[in-house]
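Please read the structure below before turning to the comments.
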Amino acid sequence: MDDGYHLHREACLYLASLRGGGSSVNTERNYASRLALYLTWCGERDLEWSQPGFVNLLSFRDWLVSVPLPPRGRKSSVGPRFRKESSANAVLTTMAEFLRFGVGHGWVPSEVAESLSRPKYLRFVPQGFETGENGQYRHVRARTIKFKVDDPGIECFTPQQVDLMIRLARHARDKFLIVLMRATGMRIGETLGLRREDLHLVSDSRSLGCRSKGPHVHVRRRPDNINNALAKSVKSRVVPVGEDVTLAYRDYQWERAEVPAADECDMVFVNLFRAPLGRPMSYPNAKQLFDRLAKWAEIVVRPHMLRHTAATEPARPRCSSSPPSCPPPSSLAPSASTSPSPSNGSEPPPETGPPYSSRPGLRCAKVTRNTRMEVVSGDKPRAWTDIHAAIVDLLAGHLPATDRR
Ligand SMILES: [Zn+2]
């Protein structure tokens, strides 16, 4: 946007192409802010964005890590903050993609795009890398404008850190958000896009029109979520969950029931404490929650780290909290809050859940730590255990033999 509040036409077209390609609103927002950095930097120096010159692009790279960032919050921080080199690389990647996009549309000379990378032959390749029959895939293009940064590895929480965050979260809704993301490895967009009908926290969901076994969550991509939450994968999947999720959801339902406005919303995560009440929780709200937790816990907290943490675990046990007398999950089901079946009443296509331990959809991390979170679900009423056991006993007499295992 220029001083006259006119949108940058080419940048808007590039962002529209991302949208058309199925990128989420969050991705588009991130790319837009990175492009704005580049275009503003060019504008302030009277440089043509489409032909900035290689030396100027190197200056832009250095400027990214040398200009102080605006202070966080109202209080001024101890000292100036600077952009990390890895963050600068993300900006440079977006800039390069934008310039390459411009070549295809005739806005940017092809020489500009060619200057952004150079041929490189990979002498050493990562494990599993397919080099091709004649080694042709060893020839790649390496970026010319970037910082060399060490791979920080996979960022995960320790069990103690997750425990601390759950304790520090002030509301049952926030605790459930953490427990759910931590247990399922769902992305934040997938989590905020959940509808109540996606939670099948019962042992047998056939009455809900679903043949997946055990308590589980359906992850579906819906482009019409009013909070713009979008599942990254276009493929629906079923993620099994354990008792920790069921109990945290139960607590959240008690809290939610006290806000009548929330009853009208079919999204799982809604505003309960700030206006507009009952509206779906937005990504900025969720981000603020994690920022607050980071400050209180004095650790780095990014929502995606919960996905990595989930991926670092060994196979999930059938019953996560594992008290000595823990009943099997199938018998937990009737006590859990259940969700209504899809409003049209038609049976959805069967989505066969993979085995409990396979963590469907988790592909962004490798197992590096054999840890298991000890879920701290606050001060659970002691009586709950007794009520729960009574329900289990009651239902045991009514369930078919196959479900009593
Ligand atoms: Zn289901």
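Identify the residue in the stretch 172-202 that is in a loop (DSSP other than H, G, I, E, B) and within 20 Å of the chain's Cα centre (by Cα) and, among all such residues, is surrounded by the most Cβ atoms within 10 Å (Cβ to Cβ).
G193
Can you run down the residue pairs with Cβ atoms below 8 Å, 6 or more apart or on separate chains, where the first is in the stretch 43-56 and touching a residue at least 40 places away in the same chain (Cβ under 8 Å) and charged (D, E, K, R) and the partner is surrounded by 14 or more Cβ atoms within 10 Å (Cβ to Cβ) and assigned to a loop (DSSP other than H, G, I, E, B)?
none
When you check R237 against the structure, is it more than 17 Å from H304 (Cα to Cα), in contact with an Asp or Glu (Cβ under 9 Å, 6 or more places away or on another chain) and touching a residue at least 60 places away in the same chain (Cβ under 8 Å), yes or no?
Yes: the conditions hold for R237.
Just the residues that are surrounded by fewer than 14 Cβ atoms within 10 Å (Cβ to Cβ) and either more than 17 Å from W107 (Cα to Cα) or under 32 Å from the mean Cα position of the chain (by Cα) (or both), please, taken from the stretch 41-53.
E44, R45, D46
Starting from residues that are polar (S, T, N, Q) and away from the ligand (no atom under 11 Å from the Cβ), keep the ones in the stretch 170-206 and report whichever is nearest to P240 (Cα to Cα).
T184
Would you check which residues across the stretch 149-158 are touching a residue at least 40 places away in the same chain (Cβ under 8 Å) and surrounded by fewer than 18 Cβ atoms within 10 Å (Cβ to Cβ) and list them?
V149, P152, G153, I154, E155, T158
Which residues, counting only those in the stretch 228-247, are part of a loop (DSSP other than H, G, I, E, B) and of a type in the set (D, E, K, R)?
K232, K235, listed by residue number.
Would you check which residues across the stretch 248-287 are in contact with a Lys or Arg (Cβ under 8 Å, 6 or more places away or on another chain), in a helix (DSSP H, G or I) and aromatic (F, W, Y) and list them?
Hit for the stretch 248-287 is Y252, nothing else.
(1) β-branched (V, I, T); (2) in contact (Cβ under 8 Å) with a residue 60 or more places away in the chain; (3) within 21 Å of S33 (Cα to Cα): which one isn't true of V91, the others all being true?
In the conditions (1) β-branched (V, I, T); (2) in contact (Cβ under 8 Å) with a residue 60 or more places away in the chain; (3) within 21 Å of S33 (Cα to Cα), V91 misses (2) alone.
In this structure, does A248 turn out to be away from the ligand (no atom under 16 Å from the Cβ), of a type in the set (G, A, S) and surrounded by 18 or more Cβ atoms within 10 Å (Cβ to Cβ)?
yes
Inspect all residues belonging to the stretch 218-226 and state whether any of them is outside any loop (DSSP other than H, G, I, E, B), touching a helix residue (DSSP H, G or I) at 6+ places or on another chain (Cβ under 6 Å) and on the phi < 0 side of the Ramachandran plot.
Yes, the stretch 218-226 has at least one match.
Filtering the stretch 207-226 down to residues that are of a type in the set (S, T, N, Q) and touching a strand residue (DSSP E or B) at 6+ places or on another chain (Cβ under 9 Å), which residue is nearest to the ligand (Cβ to nearest atom)?
S212
What residue, of Y5, Y14, Y38, is aromatic (F, W, Y) and at positive phi?
Selected residue: Y5, the only one of Y5, Y14, Y38 that is aromatic (F, W, Y) and at positive phi.
Going residue by residue through the stretch 122-139, is there one that turns out to be assigned to a loop (DSSP other than H, G, I, E, B) and buried (at least 16 other Cβ atoms within 10 Å of the Cβ)?
No, because not a single residue in the stretch 122-139 is assigned to a loop (DSSP other than H, G, I, E, B) and buried (at least 16 other Cβ atoms within 10 Å of the Cβ).
I'd like to verify a number: residues in the stretch 1-31 that are assigned to a loop (DSSP other than H, G, I, E, B) and either farther than 23 Å from E48 by Cα or within 24 Å of the chain's Cα centre (by Cα) (or both), how many?
Qualifying residue count, the stretch 1-31: 4.
So how many residues does the stretch 154-169 have that are under 21 Å from F273 (Cα atoms) and either within 16 Å of the ligand (Cβ to nearest atom) or part of a helix (DSSP H, G or I) (or both)?
Within the stretch 154-169, residues that are under 21 Å from F273 (Cα atoms) and either within 16 Å of the ligand (Cβ to nearest atom) or part of a helix (DSSP H, G or I) (or both) number 4.
Considering only residues of the stretch 203-227 that are among the aliphatic types (A, V, I, L, M) and surrounded by fewer than 21 Cβ atoms within 10 Å (Cβ to Cβ), which is modelled with the highest pLDDT?
L208
Being surrounded by fewer than 16 Cβ atoms within 10 Å (Cβ to Cβ) and either in contact with a strand residue (DSSP E or B) (Cβ under 6 Å, 6 or more places away or on another chain) or hydrophobic (A, V, I, L, M, F, W, C) (or both) is the filter here, so list the residues in the stretch 23-40 that pass it.
A36
The values are calculated or read from the model by the stated rules, or taken from the named source; none is laboratory data. Note that this is a predicted model, so its numbers are computed, not measured. Reconstructed Cβ throughout: ideal geometry from the backbone, glycine too, with neighbour counts over all protein chains shown.
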